[in-house]
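Please read the structure below before turning to the comments.
The values are calculated or read from the model by the stated rules, or taken from the named source; none is laboratory data. Model, not experiment: these values are computed from the prediction. Every residue, glycine among them, receives a Cβ derived from its backbone with ideal geometry; neighbour counts consider all protein chains shown. Heavy atoms of the whole protein, side chains included, go into the accessibility calculation; ligands, DNA and RNA do not. Shrake-Rupley method; radii C 1.70, N 1.55, O 1.52, S 1.80 Å.
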Amino acid sequence: QLQASGGGLVQAGGSLTLSCAASGSRFNVKDMGWYRQAPGKQRELVATIANSGNTNYADSVKGRFTISRDNAKNTVYLQMNSLNPEDTAVYYCNLVDMINRVYWGQGTLVTVSR
């Protein structure tokens, strides 16, 4: 089970930090990441982080968002700075284990006002 938290309402230019913890099962985690889905749009990748620490970001968030993870806690974080209204979406955390099973969190809403 993945539990995401940290969403909320913020003004443009502000910051939020999302977190997502895997619990309830013994996960052997490979990759962790964040995706988002804005109203009327498809879910899109925001950022991923591999077990090695290698990261990957969508072009739209590069330089503004930072993904990190705590392997001991099976937790992934997303630090979001310089938020703009186009970042408004439901953010979903994602986990891929060592045998490529995919798990999704329940989503947390981020709303950026002008």
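If you scan the stretch 16-47, which residues turn out to be open to solvent by less than 70 Å² (accessible area, probe 1.4 Å), part of a loop (DSSP other than H, G, I, E, B) and modelled with pLDDT of 95 or more?
Once the filter is applied, which keeps residues that are open to solvent by less than 70 Å² (accessible area, probe 1.4 Å), part of a loop (DSSP other than H, G, I, E, B) and modelled with pLDDT of 95 or more, the stretch 16-47 yields only Ala38.
Would you be able to say whether some residue in the stretch 48-61 is under 13 Å from Val110 (Cβ atoms) and open to solvent by 30 Å² or more (accessible area, probe 1.4 Å)?
no
Please specify each residue of the stretch 62-90 satisfying the condition of being modelled with pLDDT of 95 or more, surrounded by fewer than 13 Cβ atoms within 10 Å (Cβ to Cβ) and of a type outside the set (Asp, Glu).
Lys62, Gly63, Pro85
Within the stretch 64-100, how many residues are without any contact (Cβ under 8 Å) to a residue 12 or more places away in the chain and either closer than 16 Å to Thr17 by Cα or in a strand (DSSP E or B) (or both)?
Selection size over the stretch 64-100: 1.
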